[in-house]
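Encoded as structure tokens, the structure appears first; notes follow it.
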Amino acid sequence: MDDLYRYEDFQVGTKVFLDHEYGIIVNVKFHENSTVVRWDTSLENDFEDWSGMWGSFVQIGGHIIDPNYRFKYINDDGTLKDF
């Protein structure tokens, strides 16, 4: 894992960025060890499970962003905003 982050840094509520997309780690479980990112898109089910892959996430350019970042399509709990 990159020296900048520890696995413990990737917790529910952590805001992240990867490949021109912003997202937040949400409390959704696809399986017992899920760590799921809800991406900031207008798609209703734009979730991705990164369980056990945070080292790879960082190696391919992913990083934690400012906790005050405002999403365009989703709320801080991962639900879609009402437009």
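The values are calculated or read from the model by the stated rules, or taken from the named source; none is laboratory data. Because the structure is predicted, anything quoted here is derived from the model rather than measured. Every residue, glycine among them, receives a Cβ derived from its backbone with ideal geometry; neighbour counts consider all protein chains shown. The protein model used for the area step is the full one, side chains on, heavy atoms only, and it has no ligands, DNA or RNA in it. Shrake-Rupley method; radii C 1.70, N 1.55, O 1.52, S 1.80 Å.
Yes/no per residue for (1) part of a loop (DSSP other than H, G, I, E, B); (2) over 25 Å from F83 (Cα atoms); (3) of a type in the set (D, E, K, R):
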| residue | (1), (2), (3) |
| --- | --- |
| Y5 | yes, yes, no |
| E8 | no, yes, yes |
| I24 | no, no, no |
| H31 | yes, yes, no |
| E48 | no, no, yes |
| G61 | yes, yes, no |
| Y69 | yes, no, no |
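Among what's in the stretch 54-83 and is among the aromatic types (F, W, Y) and open to solvent by less than 60 Å² (accessible area, probe 1.4 Å), pick the residue that is farthest from E21 (Cα to Cα).
Let us first name the residues in the stretch 54-83 that are among the aromatic types (F, W, Y), namely 54, 57, 69, 71, 73, 83.
Keeping just the survivors that are open to solvent by less than 60 Å² (accessible area, probe 1.4 Å) gives 54, 57, 71.
Values: W54: 16, F57: 13, F71: 10 Å.
Residue satisfying both the conditions and the ranking: W54.
Here's a check for you: in the stretch 34-46, which residue that is open to solvent by less than 100 Å² (accessible area, probe 1.4 Å) and part of a loop (DSSP other than H, G, I, E, B) is nearest to G78 (Cα to Cα)?
That would be D40.
Based on this model, can you work out whether K29 counts as among the basic types (K, R) and touching a residue at least 12 places away in the same chain (Cβ under 8 Å)? Walk me through it before giving the result.
Details: among the basic types (K, R): yes; touching a residue at least 12 places away in the same chain (Cβ under 8 Å): no.
In short, no.
Return yes when D82 is at pLDDT below 90 and either touching a Phe, Trp or Tyr at 6+ places or on another chain (Cβ under 8 Å) or assigned to a loop (DSSP other than H, G, I, E, B) (or both) and no when it is not.
On the way: at pLDDT below 90: no; either touching a Phe, Trp or Tyr at 6+ places or on another chain (Cβ under 8 Å) or assigned to a loop (DSSP other than H, G, I, E, B) (or both): yes.
Spelling it out, it is not the case that D82 is at pLDDT below 90 and either touching a Phe, Trp or Tyr at 6+ places or on another chain (Cβ under 8 Å) or assigned to a loop (DSSP other than H, G, I, E, B) (or both).
Got a number for residues in the stretch 10-22 being open to solvent by less than 30 Å² (accessible area, probe 1.4 Å), closer than 15 Å to P67 by Cα and part of a strand (DSSP E or B)?
Going through the stretch 10-22 one residue at a time, the tally reaches 2.
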